[in-house]
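Read the structure below first, then the notes.
Read-outs throughout are calculated quantities, based only on the coordinates presented, and are distinct from any laboratory measurement. Quick caveat: nothing in here was measured; it's all calculated off a predicted structure. Cβ sites come from the backbone with ideal geometry, for glycine too, and all protein chains shown count toward neighbours.
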Amino acid sequence: MTITQTTPQQAIQPTDQPVIGSLVTYHGSLPDLHGRTFLLLPDTNCRFCDPDDDGPRHYTLADPDTSQALKHARPSSFTPTATNWWPSDAIDFNIAGYRYKAAYTTPGGSRWARIVHCHTATGTGYRVWCRFDGDPAPEVRALDARRLV
Ligand SMILES: [Zn+2]
């Protein structure tokens, strides 16, 4: 499992945005890696990203078998290998502009923060520390109702 700290929750993005935790096939600017399958993760702590840039999001592509990862990948550099791999009860959840398929929150947190547990296409869990403004959104309340005790 991975835990990642995020920036405040932003507006919900269009649903055609790739889902964090998907398996993707690479076809970007590194020909030696064309056709390789990676796990799609958010592009956090990237030295190339400008935090004030509102342009297209970048992603991290992680090799599911090693610790190697490609940072700062453009959406045009990969294609998801399958659609709708997540469980039918997964909740679409936006954290810092990235789209997740969330399962539940960890007990605790505050009115402004939660640890959200998400699904991945490889069947592993993924935890994201989420900070947001004000009262929890309906998606957060729905995830809170599923907390493990
Ligand atoms: Zn980046």
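Could you compute how fast the chain diffuses translationally, taking Rh as the Kirkwood radius over C-alpha pairs and applying Stokes-Einstein at 20 °C with viscosity 1.002 mPa s? Give it in µm² per second.
135 µm²/s
Could you quote the convex hull projected area for region 23-80, Cα atoms only and averaged over all directions, in nm²?
So the Cα hull casts an average projection of 4.0 nm².
Under 19 Å from a label point 7 Å along Cα→Cβ of residue 63: give me every residue in region 84-127 with its amide N that close.
122
In region 131-149, which residues have a backbone nitrogen under 15 Å from the label point lying 7 Å from residue 113's Cα in the Cα-to-Cβ direction?
Of the residues in region 131-149, 131-134 have backbone N under 15 Å from the label point off residue 113.
Would you mind getting me the FRET efficiency between residue 32 and residue 81? Use the beta-carbon distance for r and R0 = 22 Å, nearest 0.05.
Details: r = 19 Å, r/R0 = 0.87.
E(calc), rounded to 0.05, equals 0.70.
In region 19-98, which chymotrypsin sites (Phe, Trp or Tyr not before Pro) fall in coil by DSSP and have 11 or fewer other Cβ atoms within 10 Å?
Working: sites: 26, 38, 48, 59, 78, 85, 93, 98; in loops: 48, 85.
Listed in order of number, the matching sites are 48.
Please work through the chain and write down the cysteines that have no neighbouring cysteine Cβ at a distance under 4.7 Å.
Result for the chain is 118, 130, no neighbouring Cys Cβ within the cutoff.
In whole percent, what relative contact order does the chain give with Cα contacts below 8 Å and a gap of six or more residues?
Worked out over the chain, it gives 29 percent.
Identify, among 129, 85, 61, the residue whose Cα sits farthest towards the positive end of the charge dipole of the chain, taking +1 on the Cβ of Lys and Arg and -1 on the Cβ of Asp and Glu, with the dipole about the Cα centre.
Positive-most Cα among the choices belongs to 129.
Can you compute the modelled spin-label distance between residue 47 and residue 25, with each label point 7 Å from Cα toward Cβ, in nm?
It is 3.3 nm.
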